[in-house]
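All remarks here apply to the structure that follows.
The values are calculated or read from the model by the stated rules, or taken from the named source; none is laboratory data. Owing to the predicted nature of the structure, the values given are computational and were not obtained by experimental measurement. Cβ: placed from backbone, ideal geometry, glycine included. Neighbour counts: every protein chain shown.
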Amino acid sequence: MLRKLFILVFVVASATAFGQGKFISKNAYISFYSLTPLEDILGESNEAVSILNGETGEVGFQAIMTTFHFRRALMEEHFNENYMESSKYPKSKFNGKIENFNKDMLTAPVADIKITGQLTVHGVEKTITVPGTLGMQDGKLVGTSKFQVAPEDYGITIPSVVRDKIGKQMDITVKVNYLPYGK
Amino acid sequence: MKIRYILIIVLILFIIGAGVGLRMFFKPHADINRLKPDFKVEAAPLIDEFQKAEDAATAKYSEKVLEITGKLATKSQLPNGTTLLILEDEMQGISCQLDSNWVTANQAVIQSLEPGKPVTVKGVCKGYLMEIKVSPAVVVK
């Protein structure tokens, strides 16, 4: 009886700890930006999902490629059909870990962090280390990151006609407002 | 004389080509309000379909125009001002980002939406990521 009670208490306690330790955003912002002589190319999505494990500092992102919206319909078409091949590789993801993570980072004011993990885009997985920030801002847990990726690294071939016009590196910006994930 | 004709023809072809090119370049986004829905569905069975077989449902609905009727769970605004409606379940329901032009012209409709009440939206289905993503979308009724 005592043993059963002990197990029950243990299960409930660990379940609560598990629930409290996670943070989620279903509307994380991710953008691609490339400066070209003709015009700036900017694709933005507000529909990425991110989960941050407050116990371990592990962080995950997933985004559906077709949720990236561009100012021009043609750019969106090219992005999905020619470059990302969104019907073949519908989702991109990142799974990583915050370096030197400790729980105080979740309650302290925004500070610089470094994240290392695997970025999968266009079906190609690469290990990257990117700078970012994490901390409380206006009572919310906020995360950001800015880094560059080379489309070529992910097997994305840019036709030679426009290769010179699109920068070799694309700027990626990430902004997340996390909420405690209690379920 | 012959050269002149050739020049004129080349010039006309060039103008047509440039016109077509510019038209393609400046092609506007499809107006979701005018698109006919490919599917008319209820929210709950649609969520079921995605949760049971995500790949099959994605192949069937992705990039298609859906008219979905269901219970409004939440109405909120994203940091960039986009109005977000979630149907059925806040965590695992149907997330609809409304078209910003449509929102500007239809503030009264958005004001009148109440969580818990049924709503019908029309939008482009983007697939499943914890919830069904629909964007851009408009409110039908």
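Here's the yes/no breakdown for (1) in contact with an Asp or Glu (Cβ under 7 Å, 6 or more places away or on another chain); (2) under 29 Å from residue A:73 (Cβ atoms); (3) outside any loop (DSSP other than H, G, I, E, B); (4) in contact (Cβ under 8 Å) with a residue 60 or more places away in the chain:
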position	(1), (2), (3), (4)
B:12	no, yes, yes, no
B:35	no, yes, no, yes
B:40	yes, yes, yes, no
B:46	no, yes, yes, yes
B:57	yes, yes, yes, yes
B:68	no, yes, yes, yes
B:73	yes, no, yes, no
Looking only at the range B:24-53, count every residue that is at pLDDT 90 or above, closer than 19 Å to residue A:66 by Cβ and of a type in the set (Asp, Glu) and tell me the total. 2
Of the listed residues (B:28, B:115), the one being loosely packed, with under 11 Cβ neighbours inside 10 Å and assigned to a loop (DSSP other than H, G, I, E, B) is B:28
Enumeration of residues in the range B:101-130 that are within 13 Å of another protein chain (Cβ to nearest Cβ) and touching a Cys at 6+ places or on another chain (Cβ under 8 Å): B:123
Residue match in the range A:73-81 (condition: without any contact (Cβ under 8 Å) to a residue 40 or more places away in the chain, surrounded by fewer than 20 Cβ atoms within 10 Å (Cβ to Cβ), within 13 Å of the chain's Cα centre (by Cα) and within 30 Å of residue B:64 (Cβ to Cβ)): no
Residues B:39, B:14, B:50, B:25: which one is closer than 30 Å to residue B:133 by Cβ, of a type in the set (Phe, Trp, Tyr) and out of contact with any strand residue (DSSP E or B) (no Cβ under 7 Å at 6 or more places or on another chain)? B:25
Give the residues of the range A:80-92 that are more than 10 Å from chain B (Cβ to nearest Cβ) and in contact with a strand residue (DSSP E or B) (Cβ under 6 Å, 6 or more places away or on another chain), sorted by residue number. A:92
